[in-house]
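This report concerns only the one structure given below.
The values are calculated or read from the model by the stated rules, or taken from the named source; none is laboratory data. No experiment lies behind these values; they were computed from the predicted model shown. All Cβ positions, glycine included, derive from the backbone under ideal geometry; neighbour counts span all protein chains shown. Heavy atoms of the whole protein, side chains included, go into the accessibility calculation; ligands, DNA and RNA do not. Shrake-Rupley method; radii C 1.70, N 1.55, O 1.52, S 1.80 Å.
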Amino acid sequence: MMIKRLFGILTIALVSAFAATTAQASVLTWSIHNLTFEVPDGGTVTYNSADHFEIMWDDMAIIISLYNKQGVNDKNTDIELQRRANDFNMFDTETGKLKVKGFKCKTLDGTMPDGSRALLANLVCDKKDLFITVTINYLLGNLEIAEDMVKSFTIGRQKVKERKEQKVQTEADAKAQEEKLKKEAEQKKKAKKEYQTYDI
């Protein structure tokens, strides 16, 4: 009996500890750099320092590193993307660009040796001395989510976007709507009879 109780308390403590490390917010602000970005709900932060941040989900992980942009140009960013792809042994790679407000962004998307996908991005800030490297490892089908995370980077705080929820119609509302539709249909029939013309 005592062992069951002890096991139950230990289980609750472990669940509480796990819940404490889970990030519930979808908009994160790196306050030291005044850098804001969006991530899906429910991720677990695995590393957080002044210049490095990592968060994981069941089917995705993102790694963000910050550097000074001194000496960074278009050629450097292309070479750096290719170097990172080579370090990961990526294949079937494709380079591109994404529109990110306040940043110049180049990307490289490809397949990892384990079959998962990766999106590598280099963001050079227009206003601050900031060069950001983003690595997102994701499962096939999540490219749009990965790109949305990169596109969400901004200097300054973002407003939390309102989530639209489905409105559940009550029975009274349904009956009122049905009666309104019947009245409208009757009025249309009446109007049609009054204005009906005949060929002579």
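The number of residues in segment 55-82 that are of a type outside the set (G, A, S) and within 16 Å of L119 (Cβ to Cβ) comes to 13.
Selection over segment 99-110 of residues that are in contact with a Phe, Trp or Tyr (Cβ under 9 Å, 6 or more places away or on another chain) and either among the charged types (D, E, K, R) or open to solvent by 20 Å² or more (accessible area, probe 1.4 Å) (or both) gives a count of 2. Checking each residue in segment 66-89 for being open to solvent by less than 60 Å² (accessible area, probe 1.4 Å) and either outside any loop (DSSP other than H, G, I, E, B) or farther than 24 Å from D51 by Cβ (or both) picks out L66, T77, E80, L81, R84, A85. Evaluated against (1) in contact with a strand residue (DSSP E or B) (Cβ under 7 Å, 6 or more places away or on another chain); (2) surrounded by fewer than 20 Cβ atoms within 10 Å (Cβ to Cβ); (3) at pLDDT 95 or above, D126 falls short on exactly one condition, (3). If you go through segment 30-65 and keep only what is within 26 Å of E94 (Cβ to Cβ), open to solvent by 30 Å² or more (accessible area, probe 1.4 Å) and in contact with a strand residue (DSSP E or B) (Cβ under 8 Å, 6 or more places away or on another chain), you end up with E38, P40, E54, M56, W57, D59, I63. Pairs are defined by a Cβ separation below 9 Å, a sequence spacing of at least 6 or placement on different chains, a first member in segment 134-155 that is free of Cβ contacts under 8 Å to residues at least 40 places away in the same chain, and a second member that is crowded, with 20+ Cβ neighbours inside 10 Å and not in a helix (DSSP H, G or I); the pairs so defined are L140/R117; G141/R117; L143/D109; L143/R117; L143/L119. Residues that are in contact with an Asp or Glu (Cβ under 9 Å, 6 or more places away or on another chain), open to solvent by 70 Å² or more (accessible area, probe 1.4 Å) and modelled with pLDDT under 80 do occur in segment 19-29. Exactly one residue out of A146, A191 is surrounded by 10 or more Cβ atoms within 10 Å (Cβ to Cβ) and modelled with pLDDT of 75 or more, and it is A146. It is to be established whether one or more residues within segment 2-12 are modelled with pLDDT under 85, of a type in the set (G, A, S) and part of a loop (DSSP other than H, G, I, E, B). So far as segment 2-12 goes, no, none of its residues is modelled with pLDDT under 85, of a type in the set (G, A, S) and part of a loop (DSSP other than H, G, I, E, B). Is it the case that K182 is at pLDDT below 95, part of a helix (DSSP H, G or I) and surrounded by fewer than 18 Cβ atoms within 10 Å (Cβ to Cβ)? Yes: the conditions hold for K182. Just one of the numbered conditions (1) part of a strand (DSSP E or B); (2) under 23 Å from the mean Cα position of the chain (by Cα) is not true of A146: (1).
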